[in-house]
1. Quick one: in the range 101-130, which of the residues that are surrounded by 13 or more Cβ atoms within 10 Å (Cβ to Cβ) and closer than 17 Å to Ser39 by Cα is modelled with the lowest pLDDT?
2. Only one residue in Lys31, Lys23, Lys40 is touching a residue at least 24 places away in the same chain (Cβ under 8 Å), surrounded by fewer than 20 Cβ atoms within 10 Å (Cβ to Cβ), closer than 17 Å to Lys5 by Cα and in contact with a strand residue (DSSP E or B) (Cβ under 9 Å, 6 or more places away or on another chain). Which one?
3. Working only within the range 70-129, note down all residues that are among the hydroxyl-bearing types (Ser, Thr, Tyr) and in contact with a helix residue (DSSP H, G or I) (Cβ under 9 Å, 6 or more places away or on another chain).
4. Where residues in the range 56-70 are in contact with a strand residue (DSSP E or B) (Cβ under 8 Å, 6 or more places away or on another chain) and free of Cβ contacts under 8 Å to residues at least 60 places away in the same chain, which of them is nearest to Asp115 (Cα to Cα)?
5. Report, by residue number, each residue of the range 86-99 that is assigned to a loop (DSSP other than H, G, I, E, B) and either of a type outside the set (S, T, N, Q) or in contact with a Lys or Arg (Cβ under 9 Å, 6 or more places away or on another chain) (or both).
6. If Gly83 meets every condition in (1) more than 15 Å from Leu131 (Cβ to Cβ); (2) part of a helix (DSSP H, G or I) apart from one, which number is that one?
7. Determine which single condition Asp107 fails, assuming it passes every other condition in (1) more than 30 Å from Lys31 (Cβ to Cβ); (2) acidic (Asp, Glu); (3) in contact (Cβ under 8 Å) with a residue 24 or more places away in the chain.
8. Which is touching a Ser or Thr at 6+ places or on another chain (Cβ under 8 Å), under 19 Å from Asn6 (Cα atoms) and of a type in the set (Lys, Arg), of Lys46, Lys61?
Amino acid sequence: MANIKNMRMADKLFSHQDISVGKGFLGLGTKVTYTPTNSKVAGIWKDFNEENGRIIRNLLKATPEEMAQFVQNPPTVQSADYGSYRLEACVSADRQFAALQLLHYADFLFEPVTDVRFFEGDELKAIAGIL
């Protein structure tokens, strides 16, 4: 699990209309909740090689029409122990909400190559294989 506060997407996630942010148990940590289902949101990250990173980039930049094609035929991607692409994801425990951003390693840092993209409900079927 990744600390959501340390993710590049934290500010955009925290400002999403369906996300509630509060203090964790005993005031320690941060509790992030997807409010429509009152489900806890957790952060994860996975690394990918160049080929799989490009597939994810195309998915995250897809138009609604292209996304419908991804839902019909979801891509198969495999994470890597170390890769030049890193996918940061925040996913609700009930799998009804996800926020994703793809980063690329350059100059000793992971820099964003996509904006944060939010998925809810059926759209999650297109990305289920990469989470």
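1. Among those that are surrounded by 13 or more Cβ atoms within 10 Å (Cβ to Cβ) and closer than 17 Å to Ser39 by Cα, it is Leu124.
2. Details: Lys31 fails: touching a residue at least 24 places away in the same chain (Cβ under 8 Å); Lys23 fails: touching a residue at least 24 places away in the same chain (Cβ under 8 Å).
The conditions single out Lys40.
3. At the first step, the residues of the range 70-129 found to be among the hydroxyl-bearing types (Ser, Thr, Tyr) are 76, 79, 82, 84-85, 92, 105, 114.
Within the range 70-129, Thr76, Ser79, Ser84, Tyr85, Thr114 meet the criteria.
4. From the range 56-70, those in contact with a strand residue (DSSP E or B) (Cβ under 8 Å, 6 or more places away or on another chain) are 56-57, 60; that's our starting set.
Restricting the remaining residues to those that are free of Cβ contacts under 8 Å to residues at least 60 places away in the same chain gives 57, 60.
On the way: Arg57: 10, Leu60: 8 Å.
Taking the candidates together, the pick is Leu60.
5. First, pick out the residues of the range 86-99 that are assigned to a loop (DSSP other than H, G, I, E, B): 93-96.
If the condition is that a residue be assigned to a loop (DSSP other than H, G, I, E, B) and either of a type outside the set (S, T, N, Q) or in contact with a Lys or Arg (Cβ under 9 Å, 6 or more places away or on another chain) (or both), then Ala93, Asp94, Arg95 are the ones that fit.
6. The one condition Gly83 does not meet is (2).
7. Only one criterion in (1) more than 30 Å from Lys31 (Cβ to Cβ); (2) acidic (Asp, Glu); (3) in contact (Cβ under 8 Å) with a residue 24 or more places away in the chain is unmet by Asp107, namely (3).
8. Values: Lys61 fails: under 19 Å from Asn6 (Cα atoms).
Only one candidate passes the filter, namely Lys46.
The values are calculated or read from the model by the stated rules, or taken from the named source; none is laboratory data. These numbers were taken from a predicted model, which means no experiment stands behind them. With ideal geometry, Cβ positions are generated from the backbone for all residues, glycine too; neighbour counts draw on all protein chains shown.
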